[in-house]
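These notes are about the structure you will find just below.
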Amino acid sequence: MYAVGVVLLFLGFAMIVLGSFSGSNASVGGFVLIGPVPIVFGSGKDAGSLAILSVAAGLIVVAMVYLTFRQTRRMGTPEPIEGSNA
């Protein structure tokens, strides 16, 4: 799961860098999740679609965190091995 997050972060950064070379008509959109309160913002021609995309990405991240937490809770703590100094 960690590798997926790193790949998504890298792809997002690469899209921002490549988008900066495309021209002067820039649109921005974003999504900030503070606790249970989502804040969506944007400006420009494509701000609506960018905001929807950022909300979808935010939901994917929340789902990944939930699934990771659920999997670690299901695995539990490992039993200590006899004779080890751990």
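The values are calculated or read from the model by the stated rules, or taken from the named source; none is laboratory data. Fair warning: this is a prediction, and the values are worked out from it, not measured in the lab. A quick note on method: Cβ atoms are made from the backbone with ideal geometry, for glycine too, and the neighbour counts reach across all protein chains shown.
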Original post:
List, please: which pairs have Cβ atoms under 6 Å, are six or more places apart or on different chains, and start with a residue in the range 51-63 that is in a helix (DSSP H, G or I) and end with one that is not aliphatic (A, V, I, L, M)?
Top reply: A51/G29; A51/G42; S54/G29; S54/G30; S54/F31; V55/F31; G58/F31
**OP:** Return the only residue of F21, F10, F69 being among the hydrophobic types (A, V, I, L, M, F, W, C) and modelled with pLDDT under 75.
**Re:** F21
